[in-house]
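In what follows, a structure is listed as structure tokens, so that the remarks can point back to it.
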Amino acid sequence: MDKNQILDYLKTSDEAKLAQLWEKADRLRKQYVGDGVHLRGLIEISNYCCRSCHYCGLRREHEDIQRYRMPDDEIIECAQMAAEYGYGTVVIQAGEDFGITAARIAKIVETIKTQTPLAVTLSLGERGDDELKLWRGSGADRYLLRFETSDPDLYKKIHPQRAQTISDRIAIIRKLQELGYEAGSGVMIGIPGQTYETLANDLLLFKELDLDMVGVGPYIAHPDTPLGQMPLPDSPQQPRPTELMTYKMIALIRILCPEANIPSTTALATINKATGREFGLQRGANVVMPNMTPRKYRALYEIYPSKACIDETAQQCRHCLRGRIESIGRHIAAGPGSRTRRSKLN
Ligand code: 5AD
Ligand code: FES
């Protein structure tokens with residue numbers, strides 16, 4: 001699929017064309033990654049962040065939120081619970097919090113890898129080569145680092161700190177791959193200032209990077225952030241942060257990166273709590289990330305408002321997701337659910 005075709009799909013509202021896009025994405029999903037849905041238990045271990053991303057509720061300037069760091073034993077307990085629930089992976093996520101030492105993360109990863117059969121994914125922001133290497137050595141399998149947008153100017157605008165550029169992020173993603181991590185990235189959809197062209201370039205960059213995981217979701221304005229104060233795009237010339245745009249992106253990712261693990265994300269579930277997750281899974285996605293963060297912390301990890309699953313417990317999310325997955329004729333997959341390269345299947 002070339003850039004013009006991608007742009008065509010991103011802009012279309014033609015029902016027949018869309019039906020064809022969903023059908024193709026779902027067919028490729030089935031062919032490449034099957035009917036199993038992999039569950040990745042998400043543990044949000046800290047909401048401290050040293051960054052000032054213009055869209056994010058955890059940015060350091062946001063003083064209205066109570067900050068927390070989970071103690072190590074609580075993190076390990078959550079991971080054990082994920083294993084008991086039959087999830088194949090835990091995702092350890094935080095803001096860019098240098099208050100948790102690299103050695104502490106290494107120890108947590110090592111403990112989870114020794115005590116459980118889980119794959120461990122880290123999502124801890126931009127970190128140095130030494131840290132990434134240390135954690136890989138402790139057994140971390142995967143790392144998620146969204147590049148948020150491939151447009152260098154827009155990237156700069158929404159990441160105001162000196163020394164934060166898109167090329168740094170891409171360099172870190174390549175470093176992760178060199179270290180033997182499975183690497184994941186992604187973008188937000190409908191950020192003010194984004195164009196259809198930007199989204200097409202984002203998609204082509206996912207493919208060029210040969211990512212193992214690609215996660216995208218609608219941008220959701222947080223009123224206490226600089227970007228959240230700006231009007232949302234509402235002209236036909238600009239992509240909007242809608243469900244439809246999100247499904248289009250998920251479907252196009254499946255077509256361009258057919259082997260990738262693609263989540264039906266919480267942000268998507270947030271804008272359509274009734275059926276967003278299911279539609280995502282039917283239009284290219286094959287992964288869901290149930291929240292395992294203890295309830296007392298959940299509401300504090302407020303990247304954006306009205307996040308799905310804020311009042312539920314890990315147990316409730318588990319039941320809810322099983323029901324949703326089975327209701328669309330799919331099943332929960334066993335095992336870590338790493339990317340399988342086609343060459344290895346043949
Ligand atoms: N709306 C939607 N997604 C957001 N993220 C951060 N802020 C927002 C927002 N306001 C996403 C970013 C980040 C991930 C953890 O959450 O893509 O990488
Ligand atoms: Fe830290 Fe957004 S402000 S990730």
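A few notes on this one:
- Cβ-derived FRET efficiency at R0 25 Å, Gln177 paired with Thr12, nearest 0.05: 0.15
- Between Asp168 and Ser338, full extension at 0.36 nm per residue minus the direct alpha carbon distance yields a gain of 58.6 nm.
- If only the Cβ of Lys and Arg carry +1 and only the Cβ of Asp and Glu carry -1, the dipole of the range 3-335 around its Cα centre is close to 320 debye.
- When the Cα positions of Pro239, Gly329, Leu256 are compared along the charge dipole of the range 3-335, Gly329 comes out farthest toward the positive end, with charges on each C-beta of Lys, Arg, Asp and Glu.
- Helix-only arithmetic for the chain: the sum of -39500 (n - 2.57) across DSSP H runs with n ≥ 4, divided by the residue total, places the mean residue ellipticity at 222 nm at -12500 deg cm²/dmol.
- Label-to-label distance, Asp130 versus Gln31, with points set 7 angstrom from Cα along the beta-carbon direction: 4.8 nm.
- Most mobile of Ala102, Ala163, Ala200 in a GNM of the chain (Cα contacts under 10 Å): Ala163
- Its residue count N fixes a reference of 2.2 N^0.38 Å for the range 3-335, and the Cα radius of gyration divided by that reference is 0.93.
- For the chain, the membrane-span-like helix rule (DSSP H, alpha carbon extent of at least 15 Å along the helix axis, mean Kyte-Doolittle at least 0.0) picks out 102-115, 196-209, 243-256; this says nothing about an actual membrane.
- Gln20-Gln161 FRET efficiency (beta carbon distance; Förster radius 41 Å; 0.05 resolution): 0.45
- Pairs beyond 31 Å (Cα-Cα), from Lys11/Lys133; Lys30/Lys296; Lys11/Lys273; Lys3/Lys133: Lys11/Lys133; Lys30/Lys296; Lys3/Lys133
- Glu84 sits among other residues whose Cβ lies under 12 Å from its own Cβ, and their net charge, with Lys and Arg +1 and Asp and Glu -1, is 0.
- Two-site label geometry, Thr275 and Glu63: point separation in nm, points 7 Å out along Cα→Cβ: 4.6 nm
Taken together, the values in this text are just the output of simple stated rules run on the coordinates, not laboratory data. Everything quoted here is computed from the prediction, not taken from an experiment. Every residue, glycine as well, gets a Cβ built from its backbone with ideal geometry; the counts of neighbours run over all protein chains shown.
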